[in-house]
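Shown next, in structure tokens, is the structure this report addresses.
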Amino acid sequence: MFVIDISGSMRGKLIDHTKNALSVALAKLDLDDSFSIIAFNGEIYQFSKSMELASKDAVERAIEWINMNFIAGGDTDHFILLINCCKNFYYIL
């Protein structure tokens with residue numbers, strides 16, 4: 001699971017580097033790996049409600065989603081992130 005801060009403090013080169021690093025990490029996943037992406041600022045944004053197998057299609061969709069949704073802005077709300085991650089973790093178990 002990739003958890004990414006897209007708050008206002010990530011503006012500029014930081015968000016660009018984050019997008020690039022995450023895209024590279026996704027491309028290196030094996031086909032039998034699973035992944036999910038949660039981005040947060042004052043709100044939570046999820047690529048998928050469940051873990052995705054790292055198929056070529058899923059990775060391409062994830063990279064497209066990253067490029068469309070990773071716009072730095074808003075506050076950093078760790079509490080809402082923690083609650084959401086706990087819900088996802090419980091769902092996975």
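The values are calculated or read from the model by the stated rules, or taken from the named source; none is laboratory data. Small disclaimer: the values here were computed from a predicted structure and weren't measured. Glycine gets a Cβ as well: all are built from the backbone with ideal geometry, and neighbour counts include every protein chain shown.
A few points about this structure:
- Checking every residue in the range 66-86 against the condition of being at pLDDT below 95, part of a strand (DSSP E or B) and among the small types (Gly, Ala, Ser) gives zero matches.
- Candidates 22, 29: the one that is farther than 13 Å from residue 71 by Cβ, touching a strand residue (DSSP E or B) at 6+ places or on another chain (Cβ under 7 Å) and assigned to a helix (DSSP H, G or I) is 22.
- Qualifying positions in the range 5-19 - hydroxyl-bearing (Ser, Thr, Tyr) and either over 14 Å from the mean Cα position of the chain (by Cα) or under 15 Å from residue 64 (Cα atoms) (or both): 9, 18
- The range 50-62, residues that are surrounded by fewer than 16 Cβ atoms within 10 Å (Cβ to Cβ) and either modelled with pLDDT under 85 or closer than 16 Å to residue 29 by Cα (or both): 51, 53, 55, 56, 57, 60, 61
- Only residues that are of a type outside the set (A, V, I, L, M), surrounded by fewer than 13 Cβ atoms within 10 Å (Cβ to Cβ) and free of Cβ contacts under 8 Å to residues at least 12 places away in the same chain were counted in the range 7-43, giving 4.
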